[in-house]
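Novice: My questions all concern the structure below.
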Amino acid sequence: MIDLRLLREDPDRVRASQRARGEDVTLVDSLLSADERRRSSGVRFDELRAEQKQLGKLIPKATPEERAELLKRAEQLKSDVKAADAEQDEAKAETDRLLLQLGNLVHPDVPVGGEEDFVELETHGTIRDFGAEGFEPKDHLELGTILGAIDVERGAKVSGSRFYFLTGVGALLELALVNAALAQATAAGFTPMLPPALVRPQSMAGTGFLGQAAADVYHLDKDDLYLVGTSEVPLAAYHMDEIIDADKLPLRYAGFSPCFRREAGSHGKDTRGIFRVHQFDKVEMFSYVDPADSENEHKRLLEWEKEWLTSLELPFRVIDVATGDLGASAARKYDCEAWIPTQGKYRELTSTSDCTEFQSRRLSIRMRDEKKVKPLATLNGTLCAVPRTIVAILENHQQADGSVRVPEVLRPYLGGREVLEPVAK
């Protein structure tokens, strides 16, 4: 959530952020009104309580004639204090409810617009000319079938659409990717983590995933627990309700977990293969830093993602995501999109978001320096979303006979394999 003091002092900035996101601007005025009621009712409650205490001191000293009047006033004050307390609670609840609906303030340099209004920042690698090589590229599902690596038919039979099995070298390729990604993250100073995939409502709400993203979340009603769509959620909540000494920052974690998404609103999109699925594994970077360092940390996370994709020898580009395509928690987000040959376009493989103090305020995570205790900043960055990375590797490193060349960085984790060979029919 944003700082209420900032909202009071510069509401136009908050309105501009809401407008850029394509969100309800009138929410700002409703929140200002609720906050004013909360503060004024609090003042009234304090004044009535002070009068009540003062009256309590006067009654024992009063004459019989005065006492009757004072007792009458005391009875009225008791009723007024109770009403003021209820009004204060109601105004606070309304303020909190509206505050949780407000997205983070977007960074002033973020391009304004919707999904297609991003700004391309840079490109890396060379897109292969399969025509010049003399063959038509196969898509990842055809390659996965040839290699005995992907089985979506049995995935659908067992679990429904958008589920799959990784089999044989497909399963080994996932494990190689995960181990290589965690090795890079560990070398960069991240602490490897295996977090829970089920979290309590306060953890999910605290990271901002029960707002605009709520339709994509799986909820277990009986247990009141949520399946995470990213290990960002448990990693963000890891230090919930804690104060961290400034000299311990930055704290960096690399979480590996299963992720679950309903993919609501994606009906008919990417239905072939394993690009958009309901369950997948992912390695996620997460940082806790001083807010003054969040922009620099954001750039560092992006560099680690670029290093990873470069090590996989994939052609990709980096985009600055537009305001209307940001998640509620993000002030700014960069995506790395890999080239997918059979689609003839770049598709998102990794992303990194600077959430500034938005999540830490919700989760009550603070830092202590020599001056004061204050909210810190949180950032996240996908290092390896496994199925999409497999898609990109299979399609970009395929050969004419249906085999797939293994990037050098993965070979130590695949028993030295240089090529994934087609299975015998």
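The values are calculated or read from the model by the stated rules, or taken from the named source; none is laboratory data. All figures in this text were calculated on a predicted structure; none of them were measured in a lab. A quick note on method: Cβ atoms are made from the backbone with ideal geometry, for glycine too, and the neighbour counts reach across all protein chains shown.
Novice: Against the definition (crowded, with 22+ Cβ neighbours inside 10 Å and either over 26 Å from Ser257 (Cβ atoms) or under 21 Å from the mean Cα position of the chain (by Cα) (or both)), how does Gln399 come out, yes or no? Step through it out loud before you land on a result.
Specialist: On the way: crowded, with 22+ Cβ neighbours inside 10 Å: no; either over 26 Å from Ser257 (Cβ atoms) or under 21 Å from the mean Cα position of the chain (by Cα) (or both): yes.
Against the criterion (crowded, with 22+ Cβ neighbours inside 10 Å and either over 26 Å from Ser257 (Cβ atoms) or under 21 Å from the mean Cα position of the chain (by Cα) (or both)), Gln399 does not qualify.
Novice: Also, quick follow-up: Does Asp85 satisfy the condition of being within 48 Å of the chain's Cα centre (by Cα), assigned to a helix (DSSP H, G or I), surrounded by fewer than 17 Cβ atoms within 10 Å (Cβ to Cβ) and at pLDDT 80 or above?
Specialist: Numbers: within 48 Å of the chain's Cα centre (by Cα): yes; assigned to a helix (DSSP H, G or I): yes; surrounded by fewer than 17 Cβ atoms within 10 Å (Cβ to Cβ): yes; at pLDDT 80 or above: yes.
Considered against the rule, which asks whether it is within 48 Å of the chain's Cα centre (by Cα), assigned to a helix (DSSP H, G or I), surrounded by fewer than 17 Cβ atoms within 10 Å (Cβ to Cβ) and at pLDDT 80 or above, Asp85 comes out as yes.
Novice: Would a scan of segment 302-319 turn up a residue that is over 29 Å from Gly125 (Cα atoms) and either assigned to a strand (DSSP E or B) or without any contact (Cβ under 8 Å) to a residue 40 or more places away in the chain (or both)? Quick ask: steps written out before the conclusion?
Specialist: Initial filter on segment 302-319 (over 29 Å from Gly125 (Cα atoms)): none.
Within segment 302-319, none of the residues are over 29 Å from Gly125 (Cα atoms) and either assigned to a strand (DSSP E or B) or without any contact (Cβ under 8 Å) to a residue 40 or more places away in the chain (or both).
Novice: Further question on the same structure: Can you pull out the residues in segment 14-29 that are exposed (fewer than 15 other Cβ atoms within 10 Å of the Cβ) and either touching a Pro at 6+ places or on another chain (Cβ under 9 Å) or closer than 14 Å to Ala93 by Cα (or both)?
Specialist: Asp29
Novice: Do we have Ile365 as touching a residue at least 40 places away in the same chain (Cβ under 8 Å) and more than 24 Å from Arg5 (Cβ to Cβ) here?
Specialist: Working: touching a residue at least 40 places away in the same chain (Cβ under 8 Å): yes; more than 24 Å from Arg5 (Cβ to Cβ): no.
Criteria not met by Ile365.
Novice: Read through the list (1) modelled with pLDDT of 95 or more; (2) closer than 30 Å to Gln18 by Cβ; (3) crowded, with 17+ Cβ neighbours inside 10 Å, then give the number of the only condition that Asp325 fails.
Specialist: Failing condition for Asp325: (1).
Novice: Going through Gly134, Gly114, Gly160 one at a time, which residue ends up being farther than 30 Å from Arg252 by Cβ, loosely packed, with under 13 Cβ neighbours inside 10 Å and not assigned by TED's automatic domain parsing to the domain that holds Phe256?
Specialist: Numbers: Gly134 fails: not assigned by TED's automatic domain parsing to the domain that holds Phe256; Gly160 fails: not assigned by TED's automatic domain parsing to the domain that holds Phe256.
Being farther than 30 Å from Arg252 by Cβ, loosely packed, with under 13 Cβ neighbours inside 10 Å and not assigned by TED's automatic domain parsing to the domain that holds Phe256 holds for just one of Gly134, Gly114, Gly160, which is Gly114.
Novice: Just checking, which of Glu153, Glu122, Glu115, Glu136 is without any contact (Cβ under 8 Å) to a residue 24 or more places away in the chain and more than 16 Å from Gly273 (Cβ to Cβ)? Working first, answer last.
Specialist: Numbers: Glu153 fails: more than 16 Å from Gly273 (Cβ to Cβ); Glu122 fails: without any contact (Cβ under 8 Å) to a residue 24 or more places away in the chain; Glu115 fails: without any contact (Cβ under 8 Å) to a residue 24 or more places away in the chain.
Glu136 is the lone residue from the list that is without any contact (Cβ under 8 Å) to a residue 24 or more places away in the chain and more than 16 Å from Gly273 (Cβ to Cβ).
Novice: Is at least one residue of segment 252-275 closer than 19 Å to Arg362 by Cβ and β-branched (Val, Ile, Thr)?
Specialist: Among the residues of segment 252-275, not one is closer than 19 Å to Arg362 by Cβ and β-branched (Val, Ile, Thr), which makes the answer no.
Novice: Within segment 237-245, identify whether any single residue is more than 24 Å from Glu174 (Cα to Cα), in contact (Cβ under 8 Å) with a residue 24 or more places away in the chain, under 12 Å from the mean Cα position of the chain (by Cα) and assigned by TED's automatic domain parsing to the domain that holds Thr356, and answer yes or no.
Specialist: Of segment 237-245, the ones more than 24 Å from Glu174 (Cα to Cα) are 237-245.
Cutting the leftovers down to in contact (Cβ under 8 Å) with a residue 24 or more places away in the chain gives us 237-245.
From what is left, the residues that are under 12 Å from the mean Cα position of the chain (by Cα) are 237.
After this cut, where a residue has to be assigned by TED's automatic domain parsing to the domain that holds Thr356 as well, the list is 237.
So far as segment 237-245 goes, yes, one or more of its residues are more than 24 Å from Glu174 (Cα to Cα), in contact (Cβ under 8 Å) with a residue 24 or more places away in the chain, under 12 Å from the mean Cα position of the chain (by Cα) and assigned by TED's automatic domain parsing to the domain that holds Thr356.
Novice: Can you tell me which of Tyr226, Tyr253 is in contact (Cβ under 8 Å) with a residue 60 or more places away in the chain and hydroxyl-bearing (Ser, Thr, Tyr)? Break it down stepwise before answering.
Specialist: On the way: Tyr226 fails: in contact (Cβ under 8 Å) with a residue 60 or more places away in the chain.
From the options Tyr226, Tyr253, the qualifying one is Tyr253.
Novice: A further question on this structure: Return the pairs, sorted by first residue and then second, in which the second residue is part of a loop (DSSP other than H, G, I, E, B) and among the acidic types (Asp, Glu), the first residue lies in segment 203-217 and is not assigned by TED's automatic domain parsing to the domain that holds Gly22, the beta carbons are less than 8 Å apart, and the residues are 6+ apart or on different chains.
Specialist: Asp216/Glu263
Novice: Also: Select, from Arg162, Arg200, Arg154, the only residue that is farther than 12 Å from Val283 by Cα, of a type outside the set (S, T, N, Q) and touching an Asp or Glu at 6+ places or on another chain (Cβ under 7 Å). I'd like the intermediate steps shown before the answer.
Specialist: Details: Arg200 fails: touching an Asp or Glu at 6+ places or on another chain (Cβ under 7 Å); Arg154 fails: touching an Asp or Glu at 6+ places or on another chain (Cβ under 7 Å).
Exactly one residue qualifies, and that residue is Arg162.
Novice: Also, I was wondering about something else. Are there any strands (runs of 3 or more DSSP E) wholly within segment 334-421 with 3 or more residues that are of a type in the set (S, T, N, Q) and closer than 19 Å to Arg317 by Cβ, and if so which? Step through it out loud before you land on a result.
Specialist: Working: elements: 345-354, 366-368, 373-375, 377-385.
Counting at least 3 such residues, we get 345-354.
Novice: Follow-up. Tell me the helices (runs of 4 or more DSSP H) entirely within segment 112-193 that contain at least 1 residues that are under 23 Å from the mean Cα position of the chain (by Cα).
Specialist: Numbers: elements: 130-133, 140-147, 152-159, 169-187.
Qualifying helices (runs of 4 or more DSSP H): 169-187.
Novice: Could you list, in sequence order, the residues of segment 367-396 that are more than 28 Å from the chain's Cα centre (by Cα) and β-branched (Val, Ile, Thr)?
Specialist: Once the filter is applied, which keeps residues that are more than 28 Å from the chain's Cα centre (by Cα) and β-branched (Val, Ile, Thr), segment 367-396 yields nothing.
Novice: Now for a separate question. Got a number for residues in segment 163-192 being surrounded by 18 or more Cβ atoms within 10 Å (Cβ to Cβ) and within 30 Å of Leu251 (Cβ to Cβ)?
Specialist: Number of matching residues: 10.
Novice: For residues in segment 193-227 being of a type in the set (Ser, Thr, Tyr) and over 18 Å from Tyr288 (Cα atoms), which is surrounded by the fewest Cβ atoms within 10 Å (Cβ to Cβ)? Write out each step before concluding.
Specialist: Applying the first criterion (of a type in the set (Ser, Thr, Tyr)) to segment 193-227 yields 203, 207, 218, 226.
Pick out the ones that are also over 18 Å from Tyr288 (Cα atoms) and you get 218, 226.
Details: Tyr218: 15, Tyr226: 23.
Among those residues, the one meeting the criterion is Tyr218.
Novice: Just checking, does segment 394-403 include any residue being closer than 21 Å to Ala188 by Cα and assigned by TED's automatic domain parsing to the domain that holds Ala180?
Specialist: Within segment 394-403, the subset closer than 21 Å to Ala188 by Cα is none.
No.
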